[in-house]
1. Just checking, how many residues over segment 187-222 are within 22 Å of Val63 (Cα to Cα) and at pLDDT below 95?
2. Scan the helices (runs of 4 or more DSSP H) fully inside segment 210-278 and keep the ones with 2 or more residues being of a type in the set (A, V, I, L, M, F, W, C) and within 19 Å of Tyr182 (Cβ to Cβ).
3. Please go through (1) part of a strand (DSSP E or B); (2) open to solvent by 60 Å² or more (accessible area, probe 1.4 Å); (3) of a type outside the set (S, T, N, Q) for Asp70 and return the number of the only condition it doesn't satisfy.
4. Of the numbered conditions (1) among the hydroxyl-bearing types (Ser, Thr, Tyr); (2) free of Cβ contacts under 8 Å to residues at least 12 places away in the same chain; (3) surrounded by 13 or more Cβ atoms within 10 Å (Cβ to Cβ), Thr24 satisfies every one except a single condition; which is it?
Amino acid sequence: MLVTPGDVITEDTIYMKGHGTYGTNIEGDKRVIASVAGVVEPINKLICVKPLKTRYNGEVGDVIVGRIKDVQQKRWKVETNSRLDSVLHLSSVNLRGGELRRRSAADEFAMREYLKEGDLISAEIQQVHADGSLSLHTRSLRYGKLGQGCCVVVSPSLIKRRKNHMHNLSCGVSIILGNNGYVWISPLVKTATDSEAGDGGFDFDKEPVTADDRETICRVRNAILCLAKHSVMLYDTSVQYAYDKSLDYEAKHLLSDDVASEIVDRTLMEIDLLKGNA
């Protein structure tokens, strides 16, 4: 549920006020009122409002997409759309083939051969420090350096938290819905479901992407931007439905206001119908 400052979220006395809410000092007034514009997130009996426009506040276990900003001694600085740069330590990445051993001086000298400035990576948050900075890891082989594809930036509040944020869509592309608002779209790849699958980004297909795949990636990108423009939560089902509804139009026309509104309305109707049948 979307709220704006001053909106009454609930008057039920069983709920407690969390971040983004406040109450009054009037005796007997149990209203929970929104103090920011955002999405209501109830956690058991605690009511919070997650702001629509904010920097990313990471949580341990979040899947993120980031860009390497700097290579330093035994670590990389990563831009993750948060208030401070995140850190990926050399000891927190997989060696080629998933080899398990201590990192040597040779590994430190070869850091730029694996990840250099400007590279995109997928990773998981390992630790959140007191100042809000994040420590990342790519120890699972399904994380690591990203190859050919397209990165879309949306508000982190629009990414719906799910058990899995890596999906192969039926339209023929793979997406990584980063909790930090970075969405990675790439040609279809085999999803890594365990630590033995994937290659950790050491090897990826460098062949030119076909015109059909490029058009599909472009259509998925524009469909995501349509949903984000209308503050629709992004997850695999909503993206797939938006893509299906966009097939009646050319990919380049999807960002026009009239077409975007039509696609979003039809997508929301399809989602409501799915919820009704559940």
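The values are calculated or read from the model by the stated rules, or taken from the named source; none is laboratory data. Treat the numbers as computed from the prediction; the structure is a model and nothing was measured. Cβ placement follows ideal geometry from the backbone for every residue including glycine, while neighbour counts extend to all protein chains displayed. Accessible surface areas use protein heavy atoms only, side chains included; no ligands, DNA or RNA. Shrake-Rupley method; radii C 1.70, N 1.55, O 1.52, S 1.80 Å.
1. If we filter segment 187-222 for residues that are within 22 Å of Val63 (Cα to Cα), which is where we start, we get 187-204, 217, 220-221.
Next, only the ones that are at pLDDT below 95 stay: 187-204.
Qualifying residue count for the region: 18.
2. Numbers: elements: 211-229, 236-246, 257-277.
In segment 210-278, 211-229, 236-246 are the helices (runs of 4 or more DSSP H) which contain 2 or more residues that are of a type in the set (A, V, I, L, M, F, W, C) and within 19 Å of Tyr182 (Cβ to Cβ).
3. Checking Asp70 against (1) part of a strand (DSSP E or B); (2) open to solvent by 60 Å² or more (accessible area, probe 1.4 Å); (3) of a type outside the set (S, T, N, Q), the one that fails is (2).
4. (3)
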